[in-house]
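> Can you read through this structure? Questions will come right after.
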Amino acid sequence: MENKITGHTRLVGLYATPIRHSVSPMIQNTAFQALGIDAVYLAFELGTDRLPQVIDSIRNLDMLGANLSMPNKMAAVPLMDDLSEAAKLVGAINTIVNVNGKLTGHITDGTGFMRSLKDMDIDIIGRKMTLIGAGGAATAIIVQAALDGVKEIAVYNRRDEFFEKVKEKLTYIKQQTGCNIHLHDLENESELAADVKDSTLLVNATGVGMKPDLEAAPISDFSIITKDLAVFDVIYTPRETRLLKEAKARGAKTANGLGMLLYQGAAAFELWTGKEMPIETVKSIIENS
Ligand code: NAD
């Protein structure tokens with residue numbers, strides 16, 4: 001790679017652990033280079049212990065900003081000067097923008113998800129979707145979908161120790177956005193079938209189906225999937241989960257989480273630079289990762 005770092009080069013950091021596997025440095029540096037932006041994106045293996053000092057260094061080093069992943073997404077929230085509307089509702093951030101020392105926290109996973117639906121040619125605005133999972137990825141998706149005007153979201157999660165907390169959180173998001181969000185036990189298969197029947201889109205927002213358990217799926221009765229349903233899986237390794245294979249076999253439109261990954265990065269890039277990410281240039285890097 002040609003070295004074009006100058007005395008003016010601005011830094012964007014990625015703070016997470018583990019992080020060495022991340023494709024984000026390749027994505028963002030390719031985009032900076034393609035548009036001739038004098039900036040560099042570097043990954044730092046970092047947990048929550050030194051987060052306050054590291055966040056402060058964004059101001060002190062006049063960095064463009066940062067990305068955050070686990071375990072820092074929630075811990076960074078109280079360290080921000082301001083938060084986007086979605087970040088306030090989710091209670092987590094993945095992107096920090098520095099403008100003259102003022103740090104604003106954003107969450108771009110949900111916008112990444114909504115934008116990737118356009119590639120599927122799916123419109124869920126004013127419609128209903130059913131979503132499985134209620135963790136970090138699910139909450140970001142629910143909040144952005146609700147803010148963008150999705151009418152109803154049926155959320156299914158296993159009844160674990162977090163179920164009541166999740167219920168409270170979803171009630172709050174429902175009150176703040178006016179979207180009809182309701183939570184159900186994932187074991188309730190008849191309710192799930194009824195919700196899926198009325199939905200335009202079914203989303204898996206759990207890690208069920210990832211390596212090594214490639215035969216696992218978040219639902220057991222695939223007959224609830226018809227050709228009129230679209231099915232989205234946030235997982236991108238493997239590229240086609242068991243859920244997506246079963247959906248495809250039933251004629252449903254399908255998409256994996258690669259688009260969401262790409263567009264959450266594109267949204268962050270646009271927040272730092274004010275420029276649109278050159279998607280086609282970057283896409284091949286993700287697809288081959
Ligand atoms: P998380 O730990 O915050 O949430 C996991 C959710 O899955 C919880 O609701 C949990 O109850 C549920 N779950 C876990 N095991 C389950 C099981 N056996 N049966 C039923 N439900 C189960 O995790 P997260 O950060 O929300 O990540 C979830 C998935 O989303 C991961 O695979 C992650 O790689 C993926 N992800 C993708 C993108 C993207 O850009 N495509 C972005 C973020 C996360």
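Any read-out appearing in this document is the output of simple, stated calculations on the displayed coordinates, not a laboratory observation. These numbers come from a predicted model, not from an experiment. Here the Cβ is made from the backbone with ideal geometry for all residues, glycine too, and neighbour counts use every protein chain on show.
> Along each of the three principal axes of the Cα atoms of segment 111-252, give the extent in whole Å, ordering the values from largest to smallest.
Computed over the Cα atoms, the extents are 38, 35, 27 Å.
> Still on this model: Round to the nearest 10 and give me the degree value, 0 to 90, for the angle of helix 51-60's Cα axis relative to the longest principal axis of the chain.
That helix lies at roughly 50 degrees to the long axis.
> In Å³ and rounded to a whole number, note down the convex hull volume per residue for the Cα atoms of segment 1-145.
Working: hull volume 20.2 nm³, N = 145.
Roughly 139 Å³ of hull volume per residue.
> Cα-Cα pairs above 28 Å in the chain: how many percent? Could the numbers behind the result be given before it?
Details: 15643 of 41616 pairs.
So the pairs more than 28 Å apart make up 38 percent of the total in the chain.
> So what's the net charge close to Thr104: Lys and Arg +1, Asp and Glu -1, counting the other residues with Cβ under 13 Å from its Cβ?
Combined, the nearby Lys, Arg, Asp and Glu give 0.
> Does anyone have the angle between helix 109-120 and the longest principal axis of the chain? Alpha-carbon axes, 0 to 90°, nearest 10?
Approximately 60 degrees, to the nearest 10.
> Enter the per residue convex hull volume of segment 80-163, computed from alpha-carbon coordinates, in Å³ rounded to the nearest integer.
Taking only Cα atoms, segment 80-163 has a hull volume of 96 Å³ per residue.
> Residues with amide H under 5 Å of Leu131's amide H, sequence separation 5 or more or different chain, H placed in the peptide plane at 1.01 Å from N; which?
Placed amide hydrogens put Ala154, Val155, Tyr156, Val203 under 5 Å from Leu131.
> How big is the antiparallel share of DSSP beta bridges in the chain, given as a percent to the nearest 5?
If we restrict to bridges inside the chain, about 20 percent are antiparallel.
> Taking loop as defined by DSSP and a crowding limit of 14 other beta carbons within 10 Å, which chymotrypsin sites (Phe, Trp or Tyr not before Pro) in segment 117-204 fit?
Loop-located and lightly packed - Phe162.
> Name the GluC sites (Glu not before Pro) in segment 1-104 that are in a loop by DSSP and that have at most 15 other C-beta atoms within 10 Å, would you?
Counting only loop positions with at most 15 other Cβ atoms within 10 Å, the GluC sites (Glu not before Pro) in segment 1-104 are Glu2.
> Using the structure shown, select from Lys88/Lys118; Lys118/Lys245; Lys102/Lys151; Lys167/Lys248 the pairs with a Cα to Cα distance greater than 23 angstrom.
Values: Lys88/Lys118 25 Å; Lys118/Lys245 21 Å; Lys102/Lys151 35 Å; Lys167/Lys248 32 Å.
Check vs 23 Å cut-off fails for Lys88/Lys118; Lys102/Lys151; Lys167/Lys248.
> How much length, in nm to one decimal, is gained on full extension between Asn60 and Thr226, taken as 0.36 nm per residue of separation minus their Cα-Cα distance?
On the way: separation 166, 0.36 × 166 = 59.76 nm, distance 5.45 nm.
This chain segment gains 54.3 nm when fully extended.
> Go through segment 161-239 and name the GluC sites (Glu not before Pro) that are in a DSSP coil and have 12 or fewer other Cβ atoms within 10 Å of their Cβ.
Listed in order of number, the matching sites are Glu161, Glu187, Glu215.
> Follow-up question, since we're still on this one. Just the number, please: Stokes-Einstein D of segment 177-253 in µm²/s, Kirkwood Rh from C-alpha pairs, 10 °C, 1.306 mPa s.
Stokes-Einstein gives a translational diffusion coefficient of 121 µm²/s.
> Can you tell me the alpha carbon radius of gyration of segment 10-80 divided by the globular rule-of-thumb value 2.2 N^0.38 Å?
1.09
> Rounded to the nearest Å, what's the spacing between the alpha carbon centres of segment 167-186 and segment 225-249? Just the number, please.
Here the answer is 25 Å between Cα centres.
> Taking the convex hull of the Cα atoms, report for segment 209-289 its projected area averaged over all directions, in nm². Working shown, then result.
Details: hull surface 25.8 nm².
Mean projected area of the Cα convex hull: 6.4 nm².
> Given Cβ point charges of +1 (Lys, Arg) and -1 (Asp, Glu) and nothing else, what value in debye, to the nearest 20, does the dipole of the chain about its Cα centre take? Show your work: numbers first, answer last.
Working: 30 positive and 36 negative charges, 55 e Å.
Approximately 260 debye in magnitude.
> Points 7 angstrom from Cα along the Cβ direction at Lys151 and Glu276: gap in nanometres?
3.1
> Identify all aspartates and glutamates with a Cα-Cα distance to Lys4 below 14 Å; exclude those on the same chain that are fewer than 8 residues away in sequence.
Those aspartates and glutamates meeting the cut-off are Asp38.
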